[in-house]
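Visitor: Questions regarding the structure given below will be posed in turn.
The values are calculated or read from the model by the stated rules, or taken from the named source; none is laboratory data. Just so we're clear, the structure is a prediction, and the values are computed from it rather than from any experiment. Cβ placement follows ideal geometry from the backbone for every residue including glycine, while neighbour counts extend to all protein chains displayed.
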Amino acid sequence: MAAEGHRTGEHAAQFRAVGAALRRVDEGLDTIERRLAEPASGATYRFRENLTGEARGAIRHLVRRVRASVATACGVFQIEVTDRSLPREIQEEVATLCATLRDTKSALTAYGPLSREEDALVDGCLGDISSGLVHILQLVEPALHPGSRPERTPAR
Amino acid sequence: MINASQVLAIGVTLHLIEEAVEDIERLLSAASARTTYRLVDDLTPAERETIHTSCSQAREALGRAAARIRTEIAEHSLRQEIRGQAATAWVTLQDTKSDALRGYGPLSPEDGVVVDDLLDAISRHVTAIFRLVEGPLRQGAAGTPPAAAARQGDCP
């Protein structure tokens, strides 16, 4: 199967299953690397720094080894490297968030009534965030339709 | 003042948004190739800059909202986060081994060995990451047996 490497023959579904699994593992490695590298706190969360520097180094080393094994498997199974568009990724993130914001506001009344002042407070806070997100959406929209924009950077 | 459930609902939303804003910032700063995918950077420098600015503004709005609504700061364990990612990767790999692939069609014993060997090679490194972080979840709890983790089988 692996040596034949055909993605359209009798093993096509199996190739796809292996490819999907390897992509999920690859994304999991991204998350681990990001968590190791990111600042440990934000406005809404804080990470307990419960790993030593030595452990962090060891994990980074192992992540590289996992990636090498994934690359080997990708080569054997001829898994295609997929292209992802940066504006599309951003658009999906932001669109999901806008929906989450809307849902949050409408769901709040399920937990109890809001006074006029409370309603205004929530609207103000969520609206403040929402307007920034909508701005990002508007920005990436032309990038998703290349013909509408004259200036472009070459894709890497 | 809005009730505790409402505060919690808003807090969860703010946290999701903060994570996503961080994801967008990461995408902007790390357009690159991974093992299984390539992020195509097709934004202009001006667009990137404006999106960065919008992300900063969204973060500021998040901070203001979190302070005004007095949402709790969620505390996460870096160790637990990495352990979760490693466990998920391990399960994904196990679910893709030859026995599972035979559900998609016939697979010769020889091909099954090739698949299993490749996935096992990745699993071994993922297991090593899991083992590294399977210690006590809370700082200061040294010596606490990671019983729940240890009971979950070979790796996770």
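Visitor: Looking at the range B:39-62, which of the residues that are small (Gly, Ala, Ser) and surrounded by 15 or more Cβ atoms within 10 Å (Cβ to Cβ) is nearest to the chain's Cα centre (by Cα)? Break it down into steps so the answer makes sense when it comes.
Guide: Let us first name the residues in the range B:39-62 that are small (Gly, Ala, Ser), namely B:46, B:54, B:56, B:58, B:61.
Checking the rest, the ones that are also surrounded by 15 or more Cβ atoms within 10 Å (Cβ to Cβ) come to B:54, B:58, B:61.
Values: B:Ser54: 24, B:Ala58: 22, B:Ala61: 25 Å.
Restricting to residues being small (Gly, Ala, Ser) and surrounded by 15 or more Cβ atoms within 10 Å (Cβ to Cβ), the top hit is B:Ala58.
Visitor: Go through (1) exposed (fewer than 15 other Cβ atoms within 10 Å of the Cβ); (2) more than 7 Å from chain B (Cβ to nearest Cβ); (3) of a type in the set (Val, Ile, Thr) for A:Val94 and report which single condition fails.
Guide: A:Val94 satisfies all of (1) exposed (fewer than 15 other Cβ atoms within 10 Å of the Cβ); (2) more than 7 Å from chain B (Cβ to nearest Cβ); (3) of a type in the set (Val, Ile, Thr) except (1).
Visitor: What helices (runs of 4 or more DSSP H) completely inside the range B:86-156 contain at least 1 residues that are at pLDDT 90 or above and under 22 Å from B:His76 (Cα atoms)?
Guide: On the way: elements: B:98-101, B:109-133, B:147-150.
Here the list reads B:109-133.
Visitor: When you look at B:Leu27, is it at pLDDT below 90 and either in a helix (DSSP H, G or I) or at the interface with chain A (Cβ under 7 Å from one of its Cβ atoms) (or both), yes or no?
Guide: For B:Leu27, the condition - at pLDDT below 90 and either in a helix (DSSP H, G or I) or at the interface with chain A (Cβ under 7 Å from one of its Cβ atoms) (or both) - is met.
Visitor: With the requirement that a residue be closer than 11 Å to A:Ile79 by Cα, more than 7 Å from every other protein chain (Cβ to nearest Cβ), surrounded by 18 or more Cβ atoms within 10 Å (Cβ to Cβ) and not aromatic (Phe, Trp, Tyr), what does the range A:7-37 give you?
Guide: A:Gly19
Visitor: Let me ask something else. Just checking, which of B:Thr35, B:Thr71, B:Thr44 is touching a residue at least 12 places away in the same chain (Cβ under 8 Å), at the interface with chain A (Cβ under 7 Å from one of its Cβ atoms) and in contact with a helix residue (DSSP H, G or I) (Cβ under 9 Å, 6 or more places away or on another chain)?
Guide: Working: B:Thr35 fails: touching a residue at least 12 places away in the same chain (Cβ under 8 Å); B:Thr44 fails: touching a residue at least 12 places away in the same chain (Cβ under 8 Å).
After applying the criteria, what remains is B:Thr71.
Visitor: A follow-up question, please. Determine which single condition B:Leu39 fails, assuming it passes every other condition in (1) under 24 Å from A:Arg24 (Cα atoms); (2) assigned to a helix (DSSP H, G or I).
Guide: (2)
Results for (1) out of contact with any Leu (no Cβ under 7 Å at 6 or more places or on another chain); (2) in the same structural domain as B:Thr127 (by TED's automatic domain parsing); (3) under 29 Å from B:Arg131 (Cα atoms); (4) surrounded by fewer than 17 Cβ atoms within 10 Å (Cβ to Cβ), shown as yes or no for each residue.
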| residue | (1), (2), (3), (4) |
| --- | --- |
| B:Ala9 | no, no, no, no |
| B:Ala87 | yes, yes, yes, no |
| B:Leu93 | no, yes, yes, no |
| B:Lys97 | no, yes, yes, no |
